[in-house]
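Remarks on the structure that follows.
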Amino acid sequence: MRPRYLFQDERIKIADLRRCGLSIRAIADEFRRAPSTVSRESRRNAEADSGYQRFVARRQANARRARPHRRRLGINRQARRRSRRIARSALESAAE
(Lines give C-alpha, C1' and ligand atoms only; values in the text may rest on other atoms or scores of the structure.)
Protein backbone atom coordinates (compact mmCIF):
# COMPACT_ATOMS: atom_id res chain seq x y z
CA MET A 1 0.00 0.00 0.00
CA ARG A 2 1.27 3.44 -0.94
CA PRO A 3 1.60 6.25 1.59
CA ARG A 4 -1.25 8.71 1.74
CA TYR A 5 0.72 11.71 0.53
CA LEU A 6 2.72 12.04 -2.66
CA PHE A 7 6.48 12.20 -2.37
CA GLN A 8 8.49 15.10 -3.76
CA ASP A 9 9.98 12.90 -6.51
CA GLU A 10 6.46 11.87 -7.55
CA ARG A 11 5.46 15.52 -7.85
CA ILE A 12 8.55 16.20 -9.96
CA LYS A 13 7.72 13.26 -12.22
CA ILE A 14 4.07 14.32 -12.53
CA ALA A 15 5.15 17.81 -13.61
CA ASP A 16 7.61 16.41 -16.16
CA LEU A 17 5.15 13.88 -17.59
CA ARG A 18 2.33 16.45 -17.82
CA ARG A 19 4.70 18.80 -19.65
CA CYS A 20 5.48 15.96 -22.09
CA GLY A 21 1.76 15.59 -22.77
CA LEU A 22 0.98 12.28 -21.04
CA SER A 23 -2.57 11.72 -19.87
CA ILE A 24 -3.61 11.54 -16.22
CA ARG A 25 -4.32 7.80 -16.58
CA ALA A 26 -0.89 7.08 -18.08
CA ILE A 27 0.82 8.94 -15.23
CA ALA A 28 -1.34 7.13 -12.66
CA ASP A 29 -0.42 3.76 -14.17
CA GLU A 30 3.26 4.61 -13.97
CA PHE A 31 2.98 5.39 -10.24
CA ARG A 32 0.46 2.62 -9.52
CA ARG A 33 -1.85 5.22 -8.06
CA ALA A 34 -5.49 5.95 -8.74
CA PRO A 35 -6.08 8.35 -11.64
CA SER A 36 -8.17 10.47 -9.26
CA THR A 37 -5.08 11.01 -7.07
CA VAL A 38 -3.02 12.36 -9.95
CA SER A 39 -5.95 14.41 -11.25
CA ARG A 40 -6.59 15.92 -7.81
CA GLU A 41 -2.90 16.71 -7.37
CA SER A 42 -2.75 18.43 -10.76
CA ARG A 43 -5.96 20.37 -10.23
CA ARG A 44 -5.46 21.47 -6.62
CA ASN A 45 -1.84 22.53 -6.94
CA ALA A 46 -1.83 24.18 -10.35
CA GLU A 47 -1.06 27.85 -10.75
CA ALA A 48 -3.64 29.73 -12.78
CA ASP A 49 -1.19 31.11 -15.35
CA SER A 50 1.67 28.58 -15.44
CA GLY A 51 -0.01 25.23 -14.73
CA TYR A 52 1.36 22.56 -12.41
CA GLN A 53 4.60 23.58 -10.71
CA ARG A 54 6.17 20.84 -8.59
CA PHE A 55 7.71 22.99 -5.85
CA VAL A 56 4.66 25.23 -5.61
CA ALA A 57 2.57 22.04 -5.31
CA ARG A 58 4.69 20.82 -2.40
CA ARG A 59 4.39 24.15 -0.60
CA GLN A 60 0.61 24.28 -1.08
CA ALA A 61 0.13 20.66 -0.01
CA ASN A 62 2.14 21.23 3.18
CA ALA A 63 0.13 24.35 3.97
CA ARG A 64 -3.13 22.37 3.72
CA ARG A 65 -2.06 19.64 6.14
CA ALA A 66 -3.67 19.51 9.55
CA ARG A 67 -2.22 21.92 12.04
CA PRO A 68 -2.32 21.39 15.80
CA HIS A 69 -5.36 22.77 17.55
CA ARG A 70 -6.06 23.21 21.23
CA ARG A 71 -8.24 20.49 22.62
CA ARG A 72 -11.82 21.38 23.49
CA LEU A 73 -11.40 20.28 27.11
CA GLY A 74 -8.37 22.54 27.38
CA ILE A 75 -10.27 25.70 26.46
CA ASN A 76 -13.88 25.02 27.47
CA ARG A 77 -14.42 25.03 31.24
CA GLN A 78 -17.99 23.66 31.06
CA ALA A 79 -16.94 20.74 28.84
CA ARG A 80 -14.08 19.96 31.23
CA ARG A 81 -16.44 19.92 34.25
CA ARG A 82 -18.97 17.74 32.41
CA SER A 83 -16.23 15.31 31.44
CA ARG A 84 -15.05 15.02 35.04
CA ARG A 85 -18.63 14.55 36.26
CA ILE A 86 -19.24 11.75 33.74
CA ALA A 87 -15.97 10.04 34.64
CA ARG A 88 -16.74 10.30 38.36
CA SER A 89 -20.24 8.83 37.95
CA ALA A 90 -18.84 6.00 35.83
CA LEU A 91 -16.31 5.16 38.55
CA GLU A 92 -19.00 5.24 41.23
CA SER A 93 -21.34 2.96 39.28
CA ALA A 94 -18.48 0.55 38.55
CA ALA A 95 -17.62 0.38 42.25
CA GLU A 96 -21.19 -0.67 43.17
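A few points about this structure:
- Pairs with Cβ under 9 Å, 6+ apart, first in segment 51-70 and within 19 Å of ALA15 (Cα to Cα), second of a type in the set (Ser, Thr, Tyr): GLY51/SER42; TYR52/SER42; VAL56/SER50; ALA57/SER42; ALA61/TYR5
- For MET1: the one exception among (1) of a type outside the set (Ser, Thr, Tyr); (2) at pLDDT 85 or above; (3) more than 21 Å from ARG64 (Cα to Cα): (2)
- If you go through segment 33-61 and pick out every residue that is hydrophobic (A, V, I, L, M, F, W, C), surrounded by 14 or more Cβ atoms within 10 Å (Cβ to Cβ) and either in contact with a Lys or Arg (Cβ under 8 Å, 6 or more places away or on another chain) or in a helix (DSSP H, G or I) (or both), you end up with 4.
- Filtered residue count, segment 25-45, keeping only those that are more than 14 Å from LEU6 (Cβ to Cβ) and either of a type outside the set (Lys, Arg) or within 21 Å of the chain's Cα centre (by Cα) (or both): 2
- In summary, ARG18 fulfils each of the numbered conditions (1) of a type in the set (Lys, Arg); (2) exposed (fewer than 14 other Cβ atoms within 10 Å of the Cβ); (3) at pLDDT 75 or above with the single exception of condition (2).
The values are calculated or read from the model by the stated rules, or taken from the named source; none is laboratory data. It should be emphasised that the depicted structure is a prediction, and the values quoted were computed from it without experimental measurement. All Cβ positions, glycine included, derive from the backbone under ideal geometry; neighbour counts span all protein chains shown.
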